[in-house]
Amino acid sequence: MSVDDKPADWDATKYARVATPQREWSDAVLARLDLKGTETVMDAGCGSGEVTAHLMERLPEGRVVAVDGSPSMIDKAREKLGEDRVRYFVADLAQLELDEPVDHVFSNATFHWIADHEKLFRGLHRATMPGGMLVAQCGGRGNVAEIISALAQVTREEPYAEHLGQIESPWNFAGPDETEVRLVAAGYVDVNCWLEERVAHPDEPQAFFEASTLAPLRQMLPEDLFQPFSDRMMEVMGQPDSFNYVRLNIEARRA
Ligand SMILES: C[S@@+](CC[C@H](N)C(=O)[O-])C[C@H]1O[C@@H](n2cnc3c(N)ncnc32)[C@H](O)[C@@H]1O
């Protein structure tokens, strides 16, 4: 698998239940978006809609364009948020074409699933009104190092190697410097990117691990192998009850 593949469908119900660390971290990201409350803002990779709901609280007279590559996530978000002030799109953010530009773009815990950040930023830039902000956080350089190391081992063990042996990293954990260069090349100004370390202490560590980090691997394994694979990963990592993250923060303005 590579991150160039079509976006995977996620287990939206499980994600909605367990993804509390991403939700907690998103508050600080949302707080950096300066809003009057009347704007239209894209949530790029809205997932099951919990973070989008917080974005909507900041937009009492505004609207949200909720984009995600996973049909299950969009269904779950629609169930949660309704149709009133939200438009939904099942779309690959790397191929984004909106009919109308938005005022700002917000994104949480999504960009590291996309291989081609040059293309991603060009698409987001096209989709934003002049003067609009891009405020985002995603996995950055050094993220989930323990998981990457376990993945390198377990994907070479049978019976997983047959299905995952050729796996390339499913993530694109970029650094701040290269990201700033890509943003400027896409036409953004006032760019500012930085890394931040975080530790996730989920209530249900394995369920959290399965619903977030491992989510796209579910489709690459026969159904009966996913659980043993997840169990083996947890065993190799020493049954962790926390996970070390490095987040990449992104701020930029469309000229
Ligand atoms: C970890 S979830 C984050 C969801 C939500 N923003 C949150 O903070 O809870 C990552 C989301 O990115 C979406 N995603 C991954 N690759 C994508 C792509 N190429 N285009 C659109 N969405 C994508 C997944 O479907 C998933 O919903």
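When the range 169-198 is filtered for residues that are of a type outside the set (A, V, I, L, M), within 21 Å of Trp25 (Cβ to Cβ) and in contact with a Lys or Arg (Cβ under 7 Å, 6 or more places away or on another chain), the ones remaining, listed by number, are Phe173, Gly175, Glu196, Arg198. When Ala53, Ala8, Ala16 are screened for being at pLDDT 95 or above and small (Gly, Ala, Ser), only Ala53 passes.
Of the residues Val41, Val65, which single one is more than 25 Å from Glu223 (Cβ to Cβ), away from the ligand (no atom under 12 Å from the Cβ) and touching a Phe, Trp or Tyr at 6+ places or on another chain (Cβ under 6 Å)? Of Val41, Val65, the one residue that is more than 25 Å from Glu223 (Cβ to Cβ), away from the ligand (no atom under 12 Å from the Cβ) and touching a Phe, Trp or Tyr at 6+ places or on another chain (Cβ under 6 Å) is Val41. I'm checking my understanding of the structure. Among residues of the range 150-199 that are part of a strand (DSSP E or B) and touching a helix residue (DSSP H, G or I) at 6+ places or on another chain (Cβ under 7 Å), which one is farthest from Arg253 (Cα to Cα)? So the residue we want is Arg198. Tallying residues that are part of a loop (DSSP other than H, G, I, E, B), over 16 Å from Gln153 (Cα atoms) and of a type outside the set (Ser, Thr, Tyr) within the range 222-242 yields 3.
For the range 129-146, a tally of residues being more than 17 Å from the chain's Cα centre (by Cα), under 23 Å from Gly45 (Cα atoms) and not small (Gly, Ala, Ser) returns 3. Applying the criterion of being away from the ligand (no atom under 13 Å from the Cβ) and out of contact with any strand residue (DSSP E or B) (no Cβ under 6 Å at 6 or more places or on another chain) to the residues of the range 68-96, the residue that is nearest to Lys14 (Cα to Cα) is Glu79.
The values are calculated or read from the model by the stated rules, or taken from the named source; none is laboratory data. For clarity, every value in this text was computed on a predicted model and none was experimentally measured. As a convention, Cβ positions derive from the backbone with ideal geometry for all residues, glycine included, and neighbour counts pool all protein chains shown.
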